[in-house]
1. Taking the axis about which chain A rotates onto chain B, which residue of A lies nearest it as judged by Cβ position, and how many whole Å separate them?
2. What is the distance in Å between the Cα centres of the range B:108-180 and the range B:1-21?
3. For the protein assembly as shown, what does -39500 (n - 2.57) per DSSP helix run (n ≥ 4), summed and divided by total residues, give at 222 nm, in deg cm²/dmol to the nearest 500?
4. How large is the direction-averaged shadow of the alpha-carbon convex hull of the range B:70-127, in nm²?
5. Answer rounded, prolate or oblate for the range B:1-142, using the Cα gyration tensor with square roots of eigenvalues a ≥ b ≥ c: rounded when a/c is under 1.5, else prolate when a/b is larger than b/c, else oblate.
6. Step through the residues of the range B:126-133 one at a time and calculate ³J(HN,Hα) from phi using the Karplus curve (6.51 cos²θ - 1.76 cosθ + 1.60, θ = phi - 60°), rounding each to whole Hz and writing x for Gly and Pro.
7. Measuring label to label, 7 Å along Cα→Cβ, what does B:Ala127 give against each other copy in nm, shortest first?
8. May I ask for the equivalent-ellipsoid semi-axes of the protein assembly as shown, computed as the square root of five times each C-alpha gyration tensor eigenvalue and listed largest first in whole Å?
2 protein chains.
Amino acid sequence: METLPLGRAFTLIEPGPVVLVSTHDGKRPNVMTISWTMVLDFSARFAITTGPWNHSFAALSDQRDCVISIPGAGMLDTVIGIGTCSGRKTDKFARFGLRALRASKVTPPLIGGCLAHIECRVEEIIAGHDIVILQGLAAHLDPGVSDRRLIHAVGDGTFTADGEHFDRRALMRAKLPEGV
Amino acid sequence: METLPLGRAFTLIEPGPVVLVSTHDGKRPNVMTISWTMVLDFSARFAITTGPWNHSFAALSDQRDCVISIPGAGMLDTVIGIGTCSGRKTDKFARFGLRALRASKVTPPLIGGCLAHIECRVEEIIAGHDIVILQGLAAHLDPGVSDRRLIHAVGDGTFTADGEHFDRRALMRAKLPEGV
């Protein structure tokens, strides 16, 4: 696993991939699939939308930390499996054969086999909107995953993987933060 | 232009595309490129992150409406052009040859040539986070655009278009809202 500078962590979320969010309730870890995420600034601050209907929400709200792991397209069916059962009834790590890797700054684990990971502290939960504000504390890249296409959920039960890539760095230079 | 039921509008934003957001300041329209967006629920409520540093923000904040237009990959360089100049100095409609189409419920225009459009009211601006909460009022699809691949910004000056598509509707059925 390689360290990713925190100032580049927003590049993991900005493309809009489906992500896995792991939590720990003090007794055991859990993991959920989320596609409602947003970058808030270049300093690794993110918003995710989730709420009390979600079993992971109590752990997020009580323990105030999580890990966002970014799966590649090779994990699509695992990601769907994680997203369609509840940690209330299921040990998802056992059921889906997930590898829980130790994080450096938080209690919830990184999910092995993902492309990248952002360890986060819960900064605030915005009442009435179910928006959770996260501050990234550390980020990691796993260069060993061969299928590096992100997965995008359409929301109707279909998904799209990354396709053609376009380099427009020269045009975008003035808008990019230092070091990106 | 076809009407898209509002209950399906979240499927335009959930995949995480770069979008164009048009505003109108009472005198003239403007348009910005945004990739920091998030679905809030299935009823066409969305969050976008922008703030006072952005010329469009005053119009959003004062006039309380906008249109989110979803460009396809064929518009990539127009989208980058719109995102790298300011409406403070530039009439972007003239500069980029944009077609401003009349919206049905709001003053800002739809951007011609895009795949789809969501007319929105500004419901709330969350102080301290630069998060703008939008309520969709009407949604439209333009079936005449041939390249229907969404564009995803990585944030480092590179972009990805949609690639392989996966149908997992059977597995996802229990998680999808009625009619999607």
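1. A:Gly16, 1
2. Cα centres, the range B:108-180 to the range B:1-21: 4 Å.
3. Details: 10 runs with 58 residues, N = 360.
Calculated at 222 nm, the ellipticity per residue is -3500 deg cm²/dmol.
4. Details: hull surface 20.8 nm².
Result: 5.2 nm².
5. Details: a/c = 1.40, a/b = 1.08, b/c = 1.29.
Because its axes are fairly even, with a/c under 1.5, the range B:1-142 counts as rounded.
6. Along the range B:126-133, the couplings run 7, 4, x, 10, 6, 9, 9, 9 Hz.
7. Ordered by distance, the counterparts are at 1.5 nm.
8. Details: eigenvalues 210, 88, 80 Å².
Ellipsoid semi-axes (Å, largest first): 32, 21, 20.
Rule-based calculations on the coordinates, nothing more; no lab input. Note that the coordinates shown come from a computational prediction; the quantities given were computed from them, not determined experimentally. With ideal geometry, Cβ positions are generated from the backbone for all residues, glycine too; neighbour counts draw on all protein chains shown.
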